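Trainee: This structure is in structure tokens; I'll ask about it shortly.
The values are calculated or read from the model by the stated rules, or taken from the named source; none is laboratory data. Everything quoted here is computed from the prediction, not taken from an experiment. Glycine gets a Cβ as well: all are built from the backbone with ideal geometry, and neighbour counts include every protein chain shown. The accessibility values were calculated without ligands, DNA or RNA, using every heavy atom of the protein model including side chains. Shrake-Rupley method; radii C 1.70, N 1.55, O 1.52, S 1.80 Å.
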Amino acid sequence: EPEVTQTPSHQVTQMGQEVILRCVPISNHLYFYWYRQILGQKVEFLVSFYNNEISEKSEIFDDQFSVERPDGSNFTLKIRSTKLEDSAMYFCAGRPSLGYNEQFFGPGTRLTVL
Amino acid sequence: ELKVEQNPLFLSMQEGKNYTIYCNYSTTSDRLYWYRQDPGKSLESLFVLLSNGAVKQEGRLMASLDTKARLSTLHITAAVHDLSATYFCAVDTRTGNQFYFGTGTSLTVIP
């Protein structure tokens, strides 16, 4: 059964450094999402992406964040200058179409900012 | 902003007992989802509820949706230790383009 994959599983970085989190969605999915979960808290929406454009974004997704799908396969989340409060689990998700309601989540990348 | 609240936040129950987790949301939506998360793991889809009155059952779990009351329930029957996990409900926006997750219910089933 196809799965969403994410790399790395754990990323440790120094405050102020740039990080790129990678996701490979399921091949027939067209809508892509990033969520984050701070330890012990709920899952929060960051951004949705369709047809190579951002569809919606939350207040969390400020100018320090960007997403792209450079090669039609990988879907990346970049944080330009990480802060301590960016430490969280980041989940990628996808769905085949808006008519297909369920989102399928990847295993997550744990980001630790020191 | 759409708010999704779950209660209880923490639930400790003995094996064999029944209990219900509640999920209230603040805006009109007829699509609600339940996910399970084990510690350090991703979100596993449990149920997709797409209309008022929808009821779905899988093993010892049963989920229902009342869109008029903006309420979903996840009922646990005769709990077993393997059900210990955090359970999240989520509602999507009218555009269908983002999920709002509830606060989560951390369930511990005691042998």
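Trainee: From the list A:SER55, A:SER66, pick out the single residue that is of a type in the set (Gly, Ala, Ser) and more than 13 Å from chain B (Cβ to nearest Cβ).
Mentor: On the way: A:SER55 fails: more than 13 Å from chain B (Cβ to nearest Cβ).
Result: A:SER66 is the single residue among A:SER55, A:SER66 that is of a type in the set (Gly, Ala, Ser) and more than 13 Å from chain B (Cβ to nearest Cβ).
Trainee: From the list B:ALA79, B:ALA90, B:ALA69, which one is away from every other protein chain (no Cβ under 14 Å) and either closer than 11 Å to B:ASN7 by Cα or buried (at least 16 other Cβ atoms within 10 Å of the Cβ) (or both)?
Mentor: Details: B:ALA90 fails: away from every other protein chain (no Cβ under 14 Å); B:ALA69 fails: either closer than 11 Å to B:ASN7 by Cα or buried (at least 16 other Cβ atoms within 10 Å of the Cβ) (or both).
Criteria check complete, one pass: B:ALA79.
Trainee: Kindly provide the set of residues from the range B:35-55 that are assigned to a strand (DSSP E or B) and either hydroxyl-bearing (Ser, Thr, Tyr) or without any contact (Cβ under 8 Å) to a residue 40 or more places away in the chain (or both), ordered by number.
Mentor: Going residue by residue through the range B:35-55, those that are assigned to a strand (DSSP E or B) are B:35-37, B:43-49, B:55.
The answer is B:TYR35, B:GLU44, B:SER45, B:PHE47, B:VAL48, B:LEU49, B:VAL55.
Trainee: Within the range B:1-34, take every residue that is without any contact (Cβ under 8 Å) to a residue 60 or more places away in the chain and not in a loop (DSSP other than H, G, I, E, B) and give me the one that is most open to solvent (accessible area, probe 1.4 Å).
Mentor: B:TYR22
Trainee: Can you name every one of the strands (runs of 3 or more DSSP E) wholly within the range A:24-114 that holds 2 or more residues which are farther than 19 Å from B:PHE88 by Cβ?
Mentor: Qualifying strands (runs of 3 or more DSSP E): A:31-37, A:43-50, A:53-57, A:65-68, A:75-79, A:109-113.
Trainee: In the range A:79-110, how many are open to solvent by 60 Å² or more (accessible area, probe 1.4 Å) and closer than 26 Å to A:VAL12 by Cβ?
Mentor: Summing the residues that are open to solvent by 60 Å² or more (accessible area, probe 1.4 Å) and closer than 26 Å to A:VAL12 by Cβ in the range A:79-110 gives 6.
Trainee: Additional query: Out of curiosity, is B:LEU50 open to solvent by 20 Å² or more (accessible area, probe 1.4 Å) and modelled with pLDDT under 90?
Mentor: Values: open to solvent by 20 Å² or more (accessible area, probe 1.4 Å): yes; modelled with pLDDT under 90: yes.
Here the answer is yes, as B:LEU50 does meet what is asked.
Trainee: In the range A:25-43, which residue that is under 19 Å from B:GLY104 (Cα atoms) and open to solvent by less than 50 Å² (accessible area, probe 1.4 Å) is nearest to the other protein chains (Cβ to nearest Cβ)? Step through it out loud before you land on a result.
Mentor: Let us first name the residues in the range A:25-43 that are under 19 Å from B:GLY104 (Cα atoms), namely A:34-43.
Then keep just the ones that are open to solvent by less than 50 Å² (accessible area, probe 1.4 Å); that gives A:34-38, A:43.
On the way: A:TRP34: 10, A:TYR35: 8, A:ARG36: 11, A:GLN37: 9, A:ILE38: 12, A:VAL43: 4 Å.
Among those that are under 19 Å from B:GLY104 (Cα atoms) and open to solvent by less than 50 Å² (accessible area, probe 1.4 Å), it is A:VAL43.
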